[in-house]
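Each remark here refers to the structure printed beneath this line.
The values are calculated or read from the model by the stated rules, or taken from the named source; none is laboratory data. Values in this document were obtained by computation on a predicted structure and should not be read as measured data. Here the Cβ is made from the backbone with ideal geometry for all residues, glycine too, and neighbour counts use every protein chain on show. When the accessible area is computed, the model is the full protein with side chains, heavy atoms only, and any ligands, DNA or RNA have been set aside. Shrake-Rupley method; radii C 1.70, N 1.55, O 1.52, S 1.80 Å.
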Amino acid sequence: ATPLSITVSTGKAAAHGILIRSAEALETAHKLDAIIFDKTGTVTRGIPALTDVLPVDGVAEDRLLALVAAVEKASEHPLAAAIVTDAGDRGLGLAEVVDFASVTGQGVRGSVDGQLVLVGNRRLLEAAGVDTRPLELAHDTLADQGKTPMLVAIDGRAAGVIGVADTVKESSAAAIAALHVRGIEVIMMTGDNRATAAAIAAQVGIRRVVAEVLPEHKADAVRRLQAEGKIVGMVGDGINDAPALAQADVGSAIGTGTDVAIESSDITLISGDLSGVVTAVDLSRATMRNIR
Ligand code: ADP
Ligand code: MG
């Protein structure tokens with residue numbers, strides 16, 4: 001494309017809240033065969049709210065929540081914010097956490113009142129040798145409702161499940177349908193569990209889901225599609241999406257997402273409205289048509 005047509009299109013995009021960083025991104029977007037969307041914060045609002053506190057083993061509900069919130073207070077994950085906010089609303093005092101550790105894409109751990117608390121997915125608890133069988137029914141029930149179940153262990157024993165629900169963005173379903181109409185395959189990728197991911201995907205019309213992906217494996221999923229000869233786009237918001245955004249032929253970050261994601265991408269969707277992806281594809285098509 002000519003420098004002038006690039007400048008004009010980039011300006012039009014900016015007027016729609018789409019910041020295009022390179023001429024190359026604009027020139028590549030019309031060729032995209034597939035676009036991978038991160039789930040949390042991209043397809044969904046990323047503002048989860050606590051919905052369920054389900055203790056087992058005789059643990060009191062408020063005690064479970066207070067211990068979990070005390071640990072999550074040290075985490076920067078959106079899931080953590082939902083739990084801490086709810087604990088505050090219930091007037092629960094939060095004890096101090098020591099030896100806090102965060103395992104990206106899996107959860108958190110820390111000691112509270114001398115008790116070792118683990119909060120996270122199945123992988124996190126199993127790696128610590130916790131028998132998660134008492135939590136399985138609650139886990140699966142929440143996941144089938146599209147909620148994210150977080151398993152809790154106290155001193156190595158299953159203690160309960162916390163459910164958090166995030167809602168899909170208003171713009172998601174229409175944008176995904178528009179991409180399908182343009183012949184672009186849409187895939188959702190998430191570190192969240194399979195059942196939750198499938199429930200969210202169904203709400204927005206996404207037919208292909210890659211779930212339970214560790215942060216360090218998100219870029220591999222992009223590479224695998226590229227190895228099939230596809231031109232691949234990626235849309236994400238988190239630190240864990242940054243390598244995949246950089247690997248994609250066109251990476252788009254959500255403007256409200258983390259700085260690392262924005263720096264690793266070619267396009268920034270300022271408001272996070274997914275229709276921006278469709279607009280970018282259309283502008284790219286128009287730009288490239290003009291110069292031929
Ligand atoms: P996504 O790919 O959807 O943005 P992440 O990779 O950030 O999700 O997290 C994957 C999973 O790890 C979450 O669904 C949750 O089960 C678990 N997890 C991550 N951070 C936390 C946390 N602070 N507390 C509890 N669980 C967590
Ligand atoms: Mg995310």
* Structure fact -> In this structure, the FRET efficiency calculated for Val181 and Glu263 from their beta-carbon separation, with R0 = 41 Å, to the nearest 0.05, is 0.80
* Structure fact -> Taking only C-alpha positions in region 1-138, Rg and Dmax in angstrom work out to 22.0, 69
* Asked: List the lysines whose alpha-carbon lies under 19 Å from that of Lys230, not counting same-chain residues fewer than 8 positions away?
  -> Lys31, Lys218
* Taking N as the number of residues in the chain, what is its alpha-carbon radius of gyration divided by 2.2 N^0.38 Å? -> 1.09
* **Degrees separating the helix 275-290 axis from the principal Cα axis of the chain, which is the longest one** => 20
* To do: Report ³J(HN,Hα) in whole Hz for each residue of region 122-135, in order, from the Karplus equation J = 6.51 cos²θ - 1.76 cosθ + 1.60 where θ = phi - 60°; Gly and Pro get x.
  => 4, 4, 4, 6, 5, 4, 8, x, 7, 7, 8, 4, x, 9
* Asked: Using a probe of 1.4 angstrom, how much of the accessible area of region 195-254 is carbon and sulfur, in percent?
  -> 51
* Structure fact -> Phi angles of region 7-15, converted by Karplus (6.51 cos²θ - 1.76 cosθ + 1.60, θ = phi - 60°) into ³J(HN,Hα) in whole Hz with x for Gly and Pro, give 4, 4, 5, 4, x, 4, 4, 4, 5
* Asked: Carbon and sulfur: what percent of region 1-151's accessible surface (1.4 Å probe)?
  -> 52
* To do: Can you tell me the order of 19-27, 83-91, 222-230 when each peptide is scored by its average per-residue count of other Cβ atoms within 10 angstrom, highest first?
  => 19-27, 83-91, 222-230
* Of the listed peptides 280-288, 186-194, 1-9, what is their order by residue-averaged count of other C-beta atoms within 10 Å, with the highest listed first? -> 186-194, 280-288, 1-9
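To the nearest µm²/s, what D does Stokes-Einstein give for region 135-292 at 20 °C and 1.002 mPa s, using the Kirkwood radius over alpha carbon pairs as Rh?
D = 127 µm²/s.
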* Structure fact -> Helix 61-72: inclination vs the chain longest Cα principal axis, degrees, rounded to 10, gives 50
* To do: Apply the Karplus parameterisation 6.51 cos²θ - 1.76 cosθ + 1.60, with θ equal to phi minus 60°, to every residue of region 16-22 and state each ³J(HN,Hα) to the nearest whole Hz, in sequence, with x for glycine and proline.
  => 8, x, 10, 9, 9, 7, 9
* **Spin-label pair Glu216/Thr256, simplified geometry with 7 Å Cα→Cβ offset, distance in nm** => 3.2
* If one takes the longest principal axis of the Cα atoms in the chain, at what angle in degrees, from 0 to 90 and to the nearest 10, does the Cα axis of helix 172-181 lie? -> 40
* To do: Sequence neighbours fewer than 8 away in the same chain don't count; with that in mind, list the lysines whose C-alpha is under 19 Å from Lys147.
  => Lys39, Lys169
* To do: Give me the accessible area per residue for the chain, probe 1.4 Å, as a whole number in Å².
  => 44
* **Per-pair calculated FRET efficiency, R0 = 45 Å: Glu228 and Ala74 via Cβ, rounded to 0.05** => 0.65
* Asked: Using a 1.4 Å probe, how large is the accessible area of Asp38, given in Å² and rounded to the nearest 10?
  -> 10
* **region 175-292, relative contact order [Cα under 8 Å, separation at least 6], %** => 17
* **Long-range Cα-Cα pairs in region 181-265 (distance over 18 Å), rounded percent** => 43
* Structure fact -> Amide H proximity to Leu116 below 5 Å, modelled H, separation 5+ or other chain, gives Asp155
* region 267-284 and region 55-127: distance between their alpha carbon centers, rounded to Å -> 36
* To do: In a Gaussian network model over the chain where Cα atoms closer than 10 Å are linked, find which of Ala195, Ala95, Ala261 has the largest mean-square fluctuation.
  => Ala95
